[in-house]
Ligand code: PLP
């Protein structure tokens, strides 16, 4: 760890911390009990006091191949020296094409065209605009509503916020896009399921009802995460996604999988689409694509969707899709992406996640019966403990657990009434034991 970063952290006074309005953070609490990170290597962060914190969530589900990969760092530095920035509108650089071809090797067959963004949120909003734009180009502009799912998370831009279904994230912003929402799939009878729960495939049939009510001719796409991560690892019931896909196909509605969190190995398969054998029309990615090292997202689409845009106009100099970001296919992000996917493939990390998953599942479920734990859910290397809410204060206990875990050497993600785990794919069984042992101590000990 650079001693300089520790010194820089030390120099920050309370007053110095006022200017940075931190994202998705209880700013007032943080600034009274700061948790500054100054380094990362492998599965550990280093905090400003020099203590190590095990990274139980791979950053934010994004640094899954382990921190501090030298190949990625070198690729970023080389790109910064060679071509620090290239305009992506009407000009390009070779790495953008290389990375699109690399991504295409991993996406399900038929999803062969890749649009680059800078984040999961931008990927979600890009996917929504592609879906609406597709139907407009097919002469059906009225087919433009999106259907999401309660407890779904598609980032924080207006489209993703609208289609998303975590209510506190939607409230208080006035008018959003008009969308429908399918019910979530968290069922009482599925508590403590290992992997995909038995009950609830029929919840997909609610889509039929919503189509009857609104008319298929008004619905552009259904957008779901194959596994909802941010709302606390909500695993699809057996057969649910297949059913959803069949209904979409029957009614000529596009299916969008948001694989920002599940993409590149989290479920023990390269994508959720692969694990479930369900191929969407549009698939969004971000996070692991660069192992979290440089912001980047991507949206992969079918030939049919891509061609509908390409055939828009007979004028060859026309822009087919008036959408894109200053930093789409940024050279540093492309370099990081190429290096990260090489590491993933070379080290067999997706297979490693799949191998470790059953052990992870066993260790998590060993905590069943502990005070406060009312559900345990898992799939691949994603897991969550649902903590019984204090009346009126659903977020308090998970926060208390995470703060106690920090003091015991774990960085733990807490959100809503859950504590979430998504260890790096390079984790060892002993790491999983350690995480579960520390949490088994802490969880029952809080009020
Ligand atoms: N979509 C999904 C499924 C996510 O899990 C996330 C982030 O957790 C996002 C979108 C938003 O990504 P970002 O924070 O990079 O904008």
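The values are calculated or read from the model by the stated rules, or taken from the named source; none is laboratory data. Quantities reported herein were computed from a predicted structural model and do not represent experimental measurements. Every residue, glycine as well, gets a Cβ built from its backbone with ideal geometry; the counts of neighbours run over all protein chains shown.
Among residues that are in contact with a strand residue (DSSP E or B) (Cβ under 6 Å, 6 or more places away or on another chain), within 15 Å of the ligand (Cβ to nearest atom) and in a helix (DSSP H, G or I), residue 273 is included. Of the residues making up the range 246-256, just one is within 16 Å of the ligand (Cβ to nearest atom) and surrounded by 24 or more Cβ atoms within 10 Å (Cβ to Cβ), namely 256. Looking at the range 217-243, which of its residues are farther than 25 Å from residue 161 by Cβ and either within 11 Å of the ligand (Cβ to nearest atom) or in contact (Cβ under 8 Å) with a residue 60 or more places away in the chain (or both)? Answer for the range 217-243, where residues must be farther than 25 Å from residue 161 by Cβ and either within 11 Å of the ligand (Cβ to nearest atom) or in contact (Cβ under 8 Å) with a residue 60 or more places away in the chain (or both): just 217. Filtered by the rule that a residue be within 16 Å of the ligand (Cβ to nearest atom), in a loop (DSSP other than H, G, I, E, B) and closer than 27 Å to residue 72 by Cβ, the range 278-325 gives 286, 291, 292, 293, 294, 295, 296, 325. Among the residues of the range 122-140, the one identified as free of Cβ contacts under 8 Å to residues at least 40 places away in the same chain and within 15 Å of the ligand (Cβ to nearest atom) is 125.
Among the numbered conditions (1) surrounded by fewer than 21 Cβ atoms within 10 Å (Cβ to Cβ); (2) out of contact with any helix residue (DSSP H, G or I) (no Cβ under 7 Å at 6 or more places or on another chain); (3) assigned to a loop (DSSP other than H, G, I, E, B), the only one that residue 328 does not meet is (1). Residue 116 meets all of the listed conditions (1) within 16 Å of the ligand (Cβ to nearest atom); (2) over 24 Å from residue 40 (Cβ atoms); (3) out of contact with any strand residue (DSSP E or B) (no Cβ under 7 Å at 6 or more places or on another chain) but one, namely (3).
Does at least one position in the range 230-245 carry a residue that is surrounded by fewer than 21 Cβ atoms within 10 Å (Cβ to Cβ), in the same structural domain as residue 92 (by TED's automatic domain parsing) and assigned to a helix (DSSP H, G or I)? Yes, there is a match, as at least one residue in the range 230-245 is surrounded by fewer than 21 Cβ atoms within 10 Å (Cβ to Cβ), in the same structural domain as residue 92 (by TED's automatic domain parsing) and assigned to a helix (DSSP H, G or I).
Note on the range 1-68: no enclosed strands (runs of 3 or more DSSP E) hold 3 or more residues that are under 20 Å from residue 395 (Cα atoms) and within 16 Å of the ligand (Cβ to nearest atom).
Of the residues making up the range 174-191, those that are in contact with a helix residue (DSSP H, G or I) (Cβ under 7 Å, 6 or more places away or on another chain) and either within 28 Å of residue 368 (Cα to Cα) or surrounded by fewer than 21 Cβ atoms within 10 Å (Cβ to Cβ) (or both) number 6. Looking at 159, 139, 133, 164, just one residue is more than 23 Å from the chain's Cα centre (by Cα) and within 22 Å of residue 285 (Cα to Cα), and that residue is 133. Just one residue in the set 259, 274 is in the same structural domain as residue 298 (by TED's automatic domain parsing) and either on the phi > 0 side of the Ramachandran plot or surrounded by fewer than 21 Cβ atoms within 10 Å (Cβ to Cβ) (or both); that residue is 274.
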